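Input: a single structure, listed below in structure tokens.
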Amino acid sequence: MNWPVERMDDPPVVPLAEGYLIRQATADDIPMFLKLMHGCGWTDWDKERLDYCLARLIPTGWFVAVTSDSDRLVASAMCLHNYTGRSPESGTLGWVGCNAQHRGKRLGSAVTAAVTTRFLQAGYKDIELYTEHFRLPALHSYLRLGYVPYLYSTSVTEVWREVCHSLNWRFTPDQWPRGSNAFPT
């Protein structure tokens, strides 16, 4: 998925649910972050993978949502520069996750909006994200924020037809970017 070129001056805004704050992650957050990633189904997340991401993190680009009363990390998203190593101009919205006990409050959307805004402030013109087609709540959040599918094959177009049907979202492939490479940047 990509942030649309026509919205480079129009960052998403998500009101934050009461009882939460968004702040920059710190080294003290790493154990809770790794636990969050495992809880989201990425059980292979470890310090080595985190170090790879931290080496690509843009300044002030790791956003976490925390409980305002206990500062407990409950959601996270990262601004990753040239994550795939294919393009020095690309920014990747990476590793969005939300603690299952705090879902339904748009916290994933809030940290995603913060990352997108940070990329736009930094002047990125190519903002992308990667996710799996079965993560319907995440896909719905990205679509609501304004991200659009990137169609790089007939089979991907058909997957998006099914996703849109499942989400009761308008299927408009003629309005979405197309290409021939799954990793266009």
Ser70, sole failed condition from (1) in contact with a Ser or Thr (Cβ under 7 Å, 6 or more places away or on another chain); (2) surrounded by fewer than 13 Cβ atoms within 10 Å (Cβ to Cβ); (3) hydroxyl-bearing (Ser, Thr, Tyr)
(1)
Taking segment 142-155 as the search range and keeping residues that are among the small types (Gly, Ala, Ser) and either in contact with a strand residue (DSSP E or B) (Cβ under 6 Å, 6 or more places away or on another chain) or farther than 13 Å from Ala113 by Cβ (or both), which one is modelled with the lowest pLDDT?
Ser153
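Can you tell me which residues in segment 169-185 are assigned to a helix (DSSP H, G or I) and among the charged types (D, E, K, R)? Spell out how you get there, then give the answer.
Initially, segment 169-185 is screened for residues assigned to a helix (DSSP H, G or I), giving 173-175.
Of everything in segment 169-185, just one residue is assigned to a helix (DSSP H, G or I) and among the charged types (D, E, K, R), namely Asp174.
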Residue satisfying condition, being at pLDDT 95 or above and under 30 Å from Trp160 (Cα atoms), within set Val64, Val5:
Val64
Looking only at segment 31-41, count how many residues are closer than 28 Å to Gly146 by Cα and either in contact (Cβ under 8 Å) with a residue 24 or more places away in the chain or among the polar types (S, T, N, Q) (or both).
5
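Given Leu139, Leu167, which one is closer than 23 Å to Ala113 by Cα and surrounded by 16 or more Cβ atoms within 10 Å (Cβ to Cβ)? Explain how you work it out, then say what you get.
Numbers: Leu167 fails: surrounded by 16 or more Cβ atoms within 10 Å (Cβ to Cβ).
Of Leu139, Leu167, the one residue that is closer than 23 Å to Ala113 by Cα and surrounded by 16 or more Cβ atoms within 10 Å (Cβ to Cβ) is Leu139.
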Do you know which of the residues in segment 1-57 that are surrounded by 10 or more Cβ atoms within 10 Å (Cβ to Cβ) and of a type in the set (Gly, Ala, Ser) is nearest to Cys98 (Cα to Cα)?
Gly39
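Can you tell me how many residues in segment 58-67 are loosely packed, with under 15 Cβ neighbours inside 10 Å and under 17 Å from Asn99 (Cβ atoms)?
Going residue by residue through segment 58-67, those that are loosely packed, with under 15 Cβ neighbours inside 10 Å are 59-60, 67.
This time we only want the ones that are under 17 Å from Asn99 (Cβ atoms), so: 67.
Adding up the residues that qualify gives 1.
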Test of understanding: among Asp28, Asp44, Asp51, Asp9, which residue is without any contact (Cβ under 8 Å) to a residue 60 or more places away in the chain, more than 18 Å from the chain's Cα centre (by Cα) and closer than 30 Å to Gly179 by Cβ?
Asp44
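The values are calculated or read from the model by the stated rules, or taken from the named source; none is laboratory data. Just so you know, these numbers come straight off a predicted model, no measurement behind them. FYI the Cβ positions are ideal-geometry reconstructions off the backbone, even for glycines, and counts take in every protein chain you see.
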